[in-house]
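Here the structure is laid out as structure tokens; the discussion comes afterwards.
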Amino acid sequence: MANIKREADEALENEPLTKRSRNNREEVSSSNLNNNNNNNNNNNDEDGTAAGNTTTKKENNDDEDEDEEDEEEDEEGKRRDEEEEDEEEKKRIMTFWFEGEQHTFKERPSVIEERENKIVFRVVNNDTSRDNMIILTGLKNIFQKQLPMMPKEYISRLVYDRTHVSIAVVRKPMTVVGGIAYRPFESRGFAEIVFCAISSTEQVRGYGAHLMNHLKDFVLNTTKIKYFLTYADNYAIGYFKKQGFSEEITLPPSVWRGYIKDYEGATLLQCTMLPKIRYLDSSKILLLQKIAVMKKIKAISKSNVVRPGLKAFMDHPNGFKIDPYDIPGIKESGWTPEMEEIAKKKETSHHYPVMKQILLELHNFPSSWPFRTPVSKTDVPDYYVQIKEPMDLETIQNKIENDKYEKFEDYVHDVKLVCSNARIYNDKSTPYYKNANKLEKFFISKVKELQEYAKYVE
């Protein structure tokens, strides 16, 4: 974030140069105008004033033309970006047949890029070969930039250490996008992941998950290792848990204690790999399992049965009560009065389930990664000077759970505030600005899917 801010500052520093140049032209024109006025005052003050007005109008027209050209360029650039996004979305849609039925799913952008031979995953270590040294140096630079709390010398020493191995995402011909550095302890059956990072400009394309799947398959196929251990800070725990890591350590301490470095303020996580799974196909395997389970449920479930309305309320006056179990389908659904009481206590707002579901989808949306937690005052000290009303998805979640949103409009305001704050603080060229636009566009589309709520974003 700090580096992104510096880029924004540089852009802002450059911008006034254009404005100053334009102002200088105006000052020169004003100076000439004053001279002309002084000369013409001896002859005709009215003519001098007319000339001054003509010059000023011409300058104003020039400025308006330049502003219109800038707006047209911005609109054209936005249109091109949207077309590229739409084209990428189409590429991601994959279809397949399972038990006589056609299904679709979205592939990660990183998988598409690998299939199109735009990126490769390279396993490297310090064997002094030219290509490996270039990749290791690229990894070292990314780790140092993305892990600012780690001493640079410590990162360099481990990356180039010959007991460590790295797997890197390389965009052809030789641009390192990110990677994982680990140390294998094959005789003890585990490996320690020491560094894991993706370049800040590339963190919305699924590289992290695809990279971890490559690492798991490589380690399972080439070694006897079945476990990964790693220390993760609060910002990284979420990523590792999505990749199958857990805070429950089943490996005996005698296996790993004294072999891996302890990190203050970090949490030890473990991943147990399954030898029979090909992790690069894991998302498809899980999808097939889900389809099979849903098919079994559908065969025995009655949830799709549409029942007629209750006539009892039509034949009796207001205040008439009926035993819920007398309603067709209630007993079969497994409903109990206790479940109703729990639901009433939790869902105090009529909009609670909608807000919660949309927020969950926002949290899982790839472009939301910069906005899931509050901006760190330590990492970005001037953020709270510029942004007077900070907001993030975690704060919105807390407000939902504590029933702080009396109106759905307030919820929409806060989500849009997350995006507008990012646009105010960051330059247009940064991933934070672009991700804010993508997240807001996604949010609006999800709300519009619900007919009752579409009016709140129109």
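Points to keep in mind about this one:
- Pair list, Cβ < 6 Å and 6+ apart or interchain, from segment 273-293 residues that are surrounded by 12 or more Cβ atoms within 10 Å (Cβ to Cβ) to residues that are assigned to a helix (DSSP H, G or I) and at pLDDT 90 or above: Met273/Lys216; Met273/Leu220; Tyr279/Asn213; Tyr279/Lys216; Tyr279/Asp217; Leu280/Asn213; Leu280/Asp217
- The one condition in (1) surrounded by 20 or more Cβ atoms within 10 Å (Cβ to Cβ); (2) in a helix (DSSP H, G or I) that Gln144 fails to fulfil: (1)
- Taking each residue of segment 75-100 that is within 19 Å of Ile112 (Cα to Cα) and looking for partners that are part of a helix (DSSP H, G or I) and of a type in the set (Val, Ile, Thr) with beta-carbon atoms closer than 9 Å, six or more apart or interchain, yields Glu88/Ile112; Lys91/Ile112; Arg92/Val111; Arg92/Ile112.
- Residue, nearest to Val354 (Cα to Cα), within segment 412-425, restricted to residues that are in contact with a Phe, Trp or Tyr (Cβ under 7 Å, 6 or more places away or on another chain) and surrounded by fewer than 22 Cβ atoms within 10 Å (Cβ to Cβ): Val412
- From the options Lys416, Lys455, residue that is assigned to a helix (DSSP H, G or I), in contact (Cβ under 8 Å) with a residue 24 or more places away in the chain and of a type in the set (Lys, Arg): Lys416
- For segment 425-449, the tally of residues that are part of a helix (DSSP H, G or I) and in contact with an Asp or Glu (Cβ under 7 Å, 6 or more places away or on another chain) stands at 2.
- For segment 401-413, the set of residues classified as in contact (Cβ under 8 Å) with a residue 12 or more places away in the chain and within 21 Å of the chain's Cα centre (by Cα) consists of Tyr411, Val412, listed by residue number.
- Just one of the numbered conditions (1) more than 23 Å from Asp262 (Cα to Cα); (2) within 17 Å of the chain's Cα centre (by Cα) is not true of Thr175: (2).
- Residue pairs whose Cβ atoms lie under 6 Å apart, sitting 6 or more positions apart in sequence or on different chains, and linking a residue in segment 354-367 that is outside any helix (DSSP H, G or I) to a partner that is of a type in the set (Phe, Trp, Tyr), are Phe365/Phe442.
The values are calculated or read from the model by the stated rules, or taken from the named source; none is laboratory data. Just so you know, these numbers come straight off a predicted model, no measurement behind them. All Cβ positions, glycine included, derive from the backbone under ideal geometry; neighbour counts span all protein chains shown.
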